[in-house]
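All remarks here apply to the structure that follows.
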Amino acid sequence: MAPVEWPEQVPILTDGALVLRPWAPEDHKDVLAACQDAEIQRWTTVPSPYTAEDAEEFLAAVGALWEDRSAMPFAIDLAGERRLAGSIGVVALDSSSGRGELGYWVSPWARGRGVAGSALRLLSEWAFHSAGFSSLHMMIDPGNQPSARAAARAGFEAGRAFGVPLRESDAGDLVVHGLCAEDLS
Ligand SMILES: CC(C)(COP(=O)(O)OP(=O)(O)OC[C@H]1O[C@@H](n2cnc3c(N)ncnc32)[C@H](O)[C@@H]1OP(=O)(O)O)[C@@H](O)C(=O)NCCC(=O)NCCS
């Protein structure tokens, strides 16, 4: 199996309506505002409470993740909007097998208009067709219906409950939602 291919620079991906792009220091205000959201704090691993220092540290470190090939993080913009619409990326991967795990959040103001589903589709198409991934998946809490719906809309299939809670204090299992390169024609 061919290893994952890493472009030197973070590519800019677009379907016309939304754009996935590299993070920039100017995103600080919008990241800080979005990460105050209770849903982002509940369903992702961002720090809680989320402070200005957390946003600063994230933006200072995010470029190195691409450079040291440990993750592929993107900011999400909507065409015609100047505010940050969200975050998506391959958050963990096995380069030799081409398997990647995705993580994402959408800023509260941009929700309910298909941003997550479209961003998942756009990133998956690039990951399979240009970066050589063989499969992508995400772990979703069964209580997080908006995330499960967005995954389904992007073509991901839900598998059985997995024995991995999001945090050690959580009792519930996460469900794996996956997509293989051959599923995306
Ligand atoms: C999950 C999240 C990314 C979805 O973003 P979004 O851009 O609003 O998602 P979409 O508009 O693409 O789709 C949302 C789907 O959930 C549905 N939905 C929205 N709120 C819902 C609710 N309370 N209960 C059930 N379904 C809901 C929408 O109707 C839509 O379904 P449809 O495609 O069948 O119409 C966003 O809510 C978020 O950032 N949540 C907090 C962070 C998070 O959960 N990240 C993922 C961790 S696995």
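The numbers here are math on the coordinates, done by the rules we state, and not lab data. Note that the structure is a prediction, hence the values are computed from the model and not measured. We place every Cβ from the backbone using ideal geometry, glycine too, and count neighbours over all the protein chains shown.
Once the stretch 16-31 is narrowed to residues that are under 17 Å from the mean Cα position of the chain (by Cα) and among the aliphatic types (A, V, I, L, M), the residue that is nearest to the ligand (Cβ to nearest atom) is Leu18. Within the stretch 101-117, being in contact with a Lys or Arg (Cβ under 9 Å, 6 or more places away or on another chain) and either more than 16 Å from the ligand (Cβ to nearest atom) or part of a loop (DSSP other than H, G, I, E, B) (or both) holds for Ser107, Gly114.
When Leu136, Leu84, Leu120 are checked against the criterion of being assigned to a loop (DSSP other than H, G, I, E, B) and surrounded by 17 or more Cβ atoms within 10 Å (Cβ to Cβ), Leu84 stands alone in meeting it. Looking at the stretch 128-149, which of its residues are free of Cβ contacts under 8 Å to residues at least 40 places away in the same chain and of a type in the set (Gly, Ala, Ser)? Scanning the stretch 128-149 gives Gly143, Ala148.
The single residue among Asp141, Asp94 that is among the acidic types (Asp, Glu) and within 15 Å of the ligand (Cβ to nearest atom) turns out to be Asp141. Only one entry in Ala79, Ala64 is more than 12 Å from the chain's Cα centre (by Cα), surrounded by fewer than 21 Cβ atoms within 10 Å (Cβ to Cβ), within 16 Å of the ligand (Cβ to nearest atom) and among the small types (Gly, Ala, Ser), namely Ala79. Taking the listed residues Ala127, Ala148, the one that is surrounded by 13 or more Cβ atoms within 10 Å (Cβ to Cβ), more than 9 Å from the ligand (Cβ to nearest atom), of a type in the set (Gly, Ala, Ser) and within 17 Å of the chain's Cα centre (by Cα) is Ala127, with no other qualifying.
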